[in-house]
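Chemist: Pasting in a structure now, in structure tokens, and then I'll have a few things to ask.
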Amino acid sequence: MGIAVAVDIRHGRWADSAKLLAAARAAEQVVGVDQAACFMATGANVQDAKGRGLWVAELADAGPDDLVI
């Protein structure tokens, strides 16, 4: 089975990191979801996503004030 990565970037939208982590963990409980991430697009977070195999080209345009789901 192939791997699919879906990303929704909400520009200029901020969310608390604890809530984002809880949302990602809840998404990982959905059948068929192996990994989920919700984060602000800081350089460190984008690099972490890349390291986890969650990279998509749209992340290159995201900045620290952008919410990534």
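Chemist: Simple spin-label model, 7 Å along Cα-to-Cβ: GLN29 to ASP48 in nm?
Modeler: For GLN29 paired with ASP48, the spin-label model returns 2.1 nm.
Chemist: Let me ask something else about it. How big is the charge dipole of the chain about its Cα centre, in debye rounded to the nearest 20, if each Lys and Arg gets +1 on its Cβ and each Asp and Glu gets -1 on its Cβ?
Modeler: 140 debye
Chemist: How far, in degrees from 0 to 90, does helix 17-27 lean away from the longest principal axis of the Cα atoms of the chain, to the nearest 10?
Modeler: It is inclined by approximately 20 degrees.
Chemist: How much length is gained if the chain between LYS19 and VAL56 is pulled fully straight, taking 0.36 nm per residue apart and subtracting their Cα-Cα distance, in nm to one decimal?
Modeler: Full-extension gain reported as 11.0 nm.
Chemist: Quickly estimate the mean residue ellipticity at 222 nm for the chain, helices only: each DSSP H run with n ≥ 4 gives -39500 (n - 2.57), and the total goes over all residues, rounded to 500.
Modeler: It comes out at -8500 deg cm²/dmol, rounded to the nearest 500.
Chemist: Please report how far the C-alpha centroid of region 1-20 lies from that of region 26-69, rounded to the nearest whole angstrom.
Modeler: Result: 5 Å between the Cα centres.
Chemist: Ranked from highest to lowest mean number of other Cβ atoms within 10 Å per residue, what is the order of the peptides 56-65, 23-32?
Modeler: Taking the mean over residues of other Cβ atoms within 10 Å, the ranking is 56-65, 23-32.
Chemist: I would also like to ask the following. Taking the Cβ-Cβ separation of ASP65 and ALA6 as r and a Förster radius of 25 Å, what is the calculated FRET efficiency to the nearest 0.05?
Modeler: 0.70
Chemist: Pick the calculated percent of Cα pairs over 17 Å apart for this structure from (i) 46; (ii) 55; (iii) 38?
Modeler: It is the one labelled (iii).
No lab work stands behind these numbers, since they all come straight from the coordinates. No experiment lies behind these values; they were computed from the predicted model shown. Cβ atoms come from the backbone with ideal geometry, glycine included; neighbour counts cover every protein chain shown.
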